[in-house]
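One structure is given below, encoded as structure tokens.
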Amino acid sequence: MRTLAQRTEAVVSLGAIAHNVARIRSIIGDETQIMAVLKGDGYGHGIGGIYPTLKNCGIERYAVAVWEEGAALRKAGCTEPILLLGDTCDGQLENLIKYNLTPAVFSRDTAEKLNLIAGWSDAVQPVHIKLDTGMSRIGFQTDDAALKEILEISKLPNLKIEGAFTHFSRADEPDGQSAAAQLDKYLRFIEKLEANGVSIPCKHVANSPAILLRPETRLNAVRAGDILFGLCPIDEDDWARADFRQVMSWYSYVVMVKKVPAGTEVGYGGTFVAKRPTVIATVPIGFADGYSRALSNRGMVKINGKAAPVIGRVCMDQFMVDVTDIGDVKRGDSVALLDDDLSVLWMADLLDRNVDEIVCGISKRVPRIYEA
């Protein structure tokens with residue numbers, strides 16, 4: 001078990017990231033670029049800590065959700081193109097120029113404002129056109145009105161269209177019909193743009209499940225998010241055979257051990273009542289750290305390599321586990337909250353949540369530790 005020098009640690013395996021990048025490359029080949037999606041502070045893994053490994057792995061492009069994440073990536077030393085997948089409010093458009101970030105453009109109004117600001121700096125601002133082919137989120141609809149607007153955007157002197165993309169809403173479904181329909185709509189619209197003289201050098205549509213399941217979607221680049229971090233985006237049996245490695249583990253330690261008699265209530269509201277003399281260990285982690293309150297009386301940790309169930313309600317900063325059947329447990333013993341056995345996928349299934357919610361939910365007060 002791990003020896004901790006502090007209250008808790010979320011351990012990020014850089015070797016697992018390198019392995020996952022190599023797996024992606026083996027799937028897509030050398031002709032298609034990998035765009036590493038690092039939104040949500042690198043899915044909770046920490047942009048600054050993982051960027052050097054991604055660079056050493058030869059990642060050609062990056063994507064984040066908001067300009068603040070792009071700025072953090074630049075400050076970490078990133079020199080490669082960074083795409084913003086989400087919106088930037090009008091009052092912060094200057095930051096795109098400042099940090100050399102490539103926004104997703106999905107309205108003529110924003111494009112014109114960005115063109116004006118770029119003109120003030122005597123810059124030519126790269127942009128990617130975002131198309132809505134079925135997600136019904138942000139993006140131009142693929143109709144004649146959108147075609148006209150994008151043609152007008154292409155004429156703005158201080159903007160340069162470097163790419164166009166869309167996002168699949170159901171790429172993980174086995175029959176692939178929804179993804180196929182979205183891909184067809186995207187490709188047909190790109191053909192119209194190029195027939196009207198708008199060159200689209202970088203075409204990208206494949207997210208993590210599409211990378212694994214839809215070879216026809218691997219165009220100039222693929223956007224790797226979940227699979228970069230070993231987070232399951234497809235059927236669990238297929239995922240088990242895909243040979244990706246979970247990147248994050250999470251540890252704490254035992255702060256106190258006590259024995260209580262049968263009938264003792266545990267935690268807020270007395271939701272757990274000991275049915276036998278019970279040995280309780282307290283762990284200094286709670287929902288303020290991202291250990292979900294929904295794990296109350298349901299969760300499981302490992303102490304000395306053995307399973308210990310969570311008993312009572314998870315508090316803001318602590319929770320309790322039953323170690324009666326483990327044997328000699330003492331203050332300072334390591335507690336595994338997530339590891340290869342208690343996986344992110346296991347916890348997501350237990351809570352009926354998405355795997356991304358688990359890792360993104362681990363709060364900033366949990367230090368990220370980067371290990372080879």
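Where a number appears in this text, it was derived from the coordinates with a stated rule and is not lab data. Only a predicted model underlies this, so the values are computations on that prediction, with no experimental measurement involved. Positions of Cβ are backbone-derived with ideal geometry, glycine not excepted, and every protein chain shown enters the neighbour counts.
Quick look at the numbers
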item	result
Reachable aspartates and glutamates from K55, criterion Cα separation under 17 angstrom, eight or more residues apart if same chain	D30, D41, E69, E80, E371
Degrees separating the helix 14-28 axis from the principal Cα axis of the chain, which is the longest one	40 degrees
Degrees between helix 144-154 axis and first principal axis of the chain (Cα, 0 to 90, nearest 10)	80 degrees
Longest to shortest principal axis, alpha-carbon extents of the range 266-346, angstrom	31, 28, 22
Cβ charges +1 (Lys, Arg) and -1 (Asp, Glu), total dipole of the range 248-371, debye	500 debye
Highest average packing first - 71-78, 253-260, Cβ atoms within 10 Å	71-78, 253-260
Translational D in µm²/s for the chain (Stokes-Einstein at 4 °C, 1.567 mPa s, Kirkwood Rh from C-alpha pairs)	57 µm²/s
Values of log10 I(q)/I(0), in the order q = 0.12, 0.20, 0.22, 0.30 Å⁻¹, for the range 72-136 under a Debye, Cα-only, solvent-free model	-0.31, -0.81, -0.95, -1.46
Candidate lysines - alpha carbon under 27 Å from K113, same-chain residues fewer than 8 apart omitted	K39, K75, K98, K130, K148, K155, K160, K192, K203
For the chain, calculated [θ]222 nm from helices alone, where every DSSP H run of n ≥ 4 adds -39500 (n - 2.57)	-8500 deg cm²/dmol
Distance (nanometres) between label positions extended 7 Å along Cα→Cβ at A145 and R331	6.8 nm
Å³ per residue enclosed by the Cα convex hull of the range 100-191	91 Å³
In degrees, nearest ten, helix 177-195 long axis to first principal axis of the chain (Cα)	30 degrees
Computed over the range 14-231, Cα set: Rg, Dmax in Å	16.8, 50
Loop-located GluC sites (Glu not before Pro) in the range 58-97, at most 14 other Cβ atoms within 10 Å (DSSP)	E60
